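The values are calculated or read from the model by the stated rules, or taken from the named source; none is laboratory data. Computed from a predicted model, the values in this text were never measured in an experiment. Methodologically, a virtual Cβ is constructed for each residue, glycine included, from the backbone with ideal geometry; neighbour enumeration extends over all protein chains shown.
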Amino acid sequence: MATYLRIWFLALLILLIGAVTLNYWVDPYGLYRPYSDGGDWKPHGAAQGELVKPYLVLKHSPRTLILGNSRAEVGFDPEDAAWPESAQPLFNLALPGTGTGVARRLFEHVLAAHSPQTIVLGVDFMDFLVSPDVRKWEPEIIHRLLITPDGQINNGRWLQMMFDGAVTLASLDAVLHSIDTVRVHGKAGVAHLTAAGFNPMHDYSRIARNEGYFSMFRQRDIENLRAYQKRPKNLFSRGTHTSPAFEDVTAILDVARAHGIQVKVVIYPYHAHLLEIFRITNCWDMFEDWKRELAYRVATDSHDQATLWDFSGYHHFARETVPLAGDKQTVVHYYWEAGHFKKELGHQILARLSGQGEPAFGMALTPANVNVHLLAIRQDGIKYRLERSAEIIQLEELVQ
Amino acid sequence: MLFNSYSFLLLFLPVTAIIFFRLGTYSRQLAAAWLGATSLFFYGYWNPAYVGLLLVSIFFNYGIGYALAREHNSDRNQRKNFILTVGIIANLLLLGYYKYANFFLDTANRLLDTSWTLQDILLPLGISFFTFTQIAFLVDAWSGKAREYNFIHYLLFVTYFPHLIAGPVLHHKEMIPQFARPETYRFSWDNMTIGLTIFTIGLFKKSVLADGVSTYANLAFHAADTGEKLDLLAAWGGALAYTVQLYFDFSGYSDMAIGLSRMFGIVLPLNFNSPYKATNIIDFWRRWHMTLSRFLRDYLYIPLGGNRKGPMRRQINLMVTMLLGGLWHGASWNFVLWGGLHGLFLAINHGWRSVCKRYFPGLGDTGIWGKLMAWAFTFIAVVVAWVFFRATTLEGALSMLSGMIGLHGISLPAALQSRLGGAADLLESLGIQFSLGGGSRFILTWGWVICLLAIALFLPNTQELMRRHRPGLDFDPAAVTARLEWRSTIVWGLAMAILAVAGVLSLSQATQFLYYQF
């Protein structure tokens, strides 16, 4: 029995060392070793942004920082030609499925190590639809950040770093992900997270080729309809004119002003299908109130160091036609589906932020111009519904 | 503290074992005290506040047991009965307060339209297990089967860390003699090897298999509990995923407990014997959570009269036992329904047996197809009952069952449509829809379910593999028909090392055991 135990223990040790070495060498999450974005894909890094980005951003010391949710992660490419030379280096710190609370904490995290010059902050209407009794809560991610929510040095971070080290080097998932990373090396249509934090959505390209854009739009339209039907139809905490999400935006603006950082707050360019879903689910008035409140806050809190850009509306990008069911040939140029725009549209936004691009696309909102702008979008919406009545009927039928 | 955690495996276990065996060479009492103390630390690791409660319960029951033992030879039966009654009521009051107070209050509020409130009571870990263990001890002491004067041994019997939080539910008479044996306190390579092997199998079952499939069970039940209507395949996929998750989670935990205990030279009773291989519900309950079934039989069903008072009374006793067994699992009407369903299944099973015995005496030997049908009926009944066990709301459970009988249609992921070619048209003509999204989830759910069911149904279980090495108390190696058998060879050493590596590498994603909540 003693010999058996020795063999068992020795094999266990060798296998463990082998697993850790494999995970370090392959580095499936792109955390330990530099990698190229031309075939050295990190499909599992793309799904682990919350784990890897807080560490990666510290290595980059970016001059320009992108914050937001998945729309910003897949829409704003740090390699885009529209970024001016002075904006380099950039890092896309946007995280899927997160709101302004996470963006705020990540911003504070970066500031603790290095001060960027500009941040592009994507804000999403859905994050601001809250219950009147909503309370401020802190996300899990704070444990791996340099600063605690009360502004102190995070002394417990080493424990999270050890745990993250175990997850990325000594876990069964990491072994399986390493094997998968080796398997897909150099192949087309593989999910990826670039070293600068951008998700190019290669996997969506493959799905679009195989199933057509109609399927992707339809699936997400159904999900969005469900989600907006379920969301509370309310923007502010009970008895106040604010909410944790608005407070987070204000906090970001305040900290940025204190550090002399330019902030470009971006309302995403939702596809017309999603705008119609706002209307169908009785969220449209709140959508407008949300913009008014943002315009007011950005104007009062930033002292000209922040601008609110509204790219939502029935412009020709948002009106891009969704192919019919069964059509796998037609490519949608600017959207993956109604909620997520492609980097091609991201390029148009970045060009506008740099003072170039199409003047009719996007508007810098202020309390003075917001109502006129909202009225214009309403009128564009009426026109859109007249032109695309069959498409709108289909969307409305999905509610059933 | 979790068995599947770095702190347990790298610190608690080696330190406890090394000091235990060192102390054992000097003083057995000291070594037993050390094991009792470390077990209390193990219990208090999460919430030290309840160590006091556990100790009060132990002191109280030891005192009651001591008093009963002193009365053993006297003829003052009334006094003995009184002491036992006080002991049992006190234990039930403790359990009732911590586990059921809010449940009964909520039910009363609903029925009487009142709004009585009680402060939130945090459920002490393992309270159901240590209460039942001690009630059994008191009953045994009352009947003269148990007598305990050594407090250290009693403390260890209750707190012994391998079983403290989620069982197996132990009998005093099977543990105390083992604590008293001198060999227990001497290190043994054989015990360490066998214990480590059983523990490794359990760790793999829990950390790799149960935790691996849990995602898909959770997604389905969460969807049902939040009002989503699952189609037939999604509902069955979710229900079966939970069926295998629960088995590999709890039997994995039990293997780990048995393996850990064996490292210390103590053999625990078995808790599982391939329950999904059962061909009737009576057989299922002889294979599932065996120590709880034994407890319910000995201390509830038989005292209620068992089968001694006629068939009708037997059915009632069975139903009462199963309803209370359901409630033991948690303060929720879903658990009561689960218990009630099993009570009903058992009543039908007993009724069917009586009918067969009387009118169709030859029906017992029905051949392979008959056995297959019996297995299928049993398995489906068990899966249906698990839906109530897992769903957090009654609506969720009913919605899940509606999906399982096809009331929400049948659909396949649209991604499969193009791969099925002409078969897709045929399926559509049969009313099967192709829905957008969820392709990988569908494939992974069914992939996990098929693999884990195959393991549960066709591979030998842990004690069958370890049959030559006394893997559990009351185990009969002669009843094992499986060929595969563990031996201390290089090949088995390497195979177990692979399972251990997979288990250890899963520790960073470790989750709690499902039975910790009970």
Of the criteria (1) basic (Lys, Arg); (2) within 14 Å of another protein chain (Cβ to nearest Cβ); (3) more than 19 Å from B:His469 (Cα to Cα), which one B:Arg262 fails:
(3)
Across (1) part of a helix (DSSP H, G or I); (2) at pLDDT below 95; (3) acidic (Asp, Glu), A:Asp150 clears everything bar (1)
Note on region B:128-163: residues aromatic (Phe, Trp, Tyr), buried (at least 23 other Cβ atoms within 10 Å of the Cβ) and part of a loop (DSSP other than H, G, I, E, B) are B:Tyr160, B:Phe161
Tell me, which helices (runs of 4 or more DSSP H) wholly within region A:294-400 include 3 or more residues that are over 21 Å from A:Asn224 (Cβ atoms)?
A:343-353, A:370-387
Answer yes or no as to whether B:Ala31 is buried (at least 18 other Cβ atoms within 10 Å of the Cβ), away from every other protein chain (no Cβ under 14 Å) and either at positive phi or of a type outside the set (Phe, Trp, Tyr) (or both).
yes
Of these, B:Leu401, B:Leu444, which one is modelled with pLDDT of 90 or more and under 30 Å from A:Asp327 (Cβ atoms)?
B:Leu444
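Conditions tested, residue by residue: (1) exposed (fewer than 13 other Cβ atoms within 10 Å of the Cβ); (2) in a helix (DSSP H, G or I); (3) aromatic (Phe, Trp, Tyr).
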residue: B:Ile443; (1), (2), (3): no, yes, no
residue: B:Trp446; (1), (2), (3): no, yes, yes
residue: B:Ala456; (1), (2), (3): no, yes, no
residue: B:Gln463; (1), (2), (3): no, yes, no
residue: B:Pro471; (1), (2), (3): no, no, no
residue: B:Phe475; (1), (2), (3): no, no, yes
residue: B:Arg483; (1), (2), (3): yes, no, no
Filter result for the condition that a residue is touching a residue at least 60 places away in the same chain (Cβ under 8 Å), in contact with a helix residue (DSSP H, G or I) (Cβ under 7 Å, 6 or more places away or on another chain) and within 13 Å of another protein chain (Cβ to nearest Cβ), over B:Trp486, B:Trp446
B:Trp486
Within region A:106-116, identify whether any single residue is within 15 Å of the chain's Cα centre (by Cα) and either modelled with pLDDT of 95 or more or not acidic (Asp, Glu) (or both), and answer yes or no.
yes
Evaluate the following for A:Lys230: is it within 19 Å of A:Gly122 (Cβ to Cβ) and among the charged types (D, E, K, R)?
no
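Just to verify a result, which residue in region B:489-514, among those that are modelled with pLDDT under 80 and not in a helix (DSSP H, G or I), is nearest to the other protein chains (Cβ to nearest Cβ)?
B:Ala510
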Failed condition for A:Asn199, given (1) more than 14 Å from chain B (Cβ to nearest Cβ); (2) over 16 Å from A:Ala47 (Cβ atoms), with all others met?
(2)
Out of all the residues in region A:55-73, which are under 25 Å from A:Met126 (Cβ atoms) and buried (at least 24 other Cβ atoms within 10 Å of the Cβ)?
A:Leu65, A:Ile66, A:Leu67, A:Gly68, A:Asn69, A:Ala72, A:Glu73
Mind listing whichever residues of region A:367-378 are farther than 17 Å from A:Phe311 by Cβ and surrounded by 11 or more Cβ atoms within 10 Å (Cβ to Cβ)?
A:Pro367, A:Asn371, A:Leu375
Step by step: first the residues of region A:147-190, then only those that are small (Gly, Ala, Ser) and within 12 Å of chain B (Cβ to nearest Cβ), then the one that is nearest to A:Ile17 (Cα to Cα). Which residue is that?
A:Ala170
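Take residues that are out of contact with any His (no Cβ under 7 Å at 6 or more places or on another chain) and of a type in the set (Gly, Ala, Ser) and tell me which of the helices (runs of 4 or more DSSP H) falling wholly in region B:1-83 contain 3 or more. Even if it seems obvious, please write down each step before you answer.
Numbers: elements: B:13-26, B:28-44, B:49-70.
Per the criteria, B:28-44, B:49-70.
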(1) surrounded by fewer than 24 Cβ atoms within 10 Å (Cβ to Cβ); (2) part of a helix (DSSP H, G or I); (3) within 12 Å of chain A (Cβ to nearest Cβ); (4) of a type outside the set (A, V, I, L, M, F, W, C): which one isn't true of B:Gly227, the others all being true?
(2)
Since B:Gly439 meets every condition but one in (1) under 28 Å from B:Tyr216 (Cα atoms); (2) surrounded by fewer than 16 Cβ atoms within 10 Å (Cβ to Cβ), which condition does it not meet?
(2)
Out of A:Phe217, A:Phe236, I need the residue that is more than 13 Å from chain B (Cβ to nearest Cβ) and of a type outside the set (D, E, K, R). Which one?
A:Phe236
Whether any residue in region A:267-279 is under 24 Å from A:Asp327 (Cα atoms) and hydroxyl-bearing (Ser, Thr, Tyr) is what I want to check.
yes
So, A:Ala272, is that one among the small types (Gly, Ala, Ser), under 30 Å from A:Ala390 (Cα atoms) and either surrounded by 22 or more Cβ atoms within 10 Å (Cβ to Cβ) or under 20 Å from the mean Cα position of the chain (by Cα) (or both) or not?
yes
Output for region A:8-56, where each listed residue is within 12 Å of chain B (Cβ to nearest Cβ), in contact with a Leu (Cβ under 7 Å, 6 or more places away or on another chain) and either under 30 Å from B:Trp486 (Cα atoms) or of a type in the set (D, E, K, R) (or both):
A:Ala11, A:Ala19, A:Val20
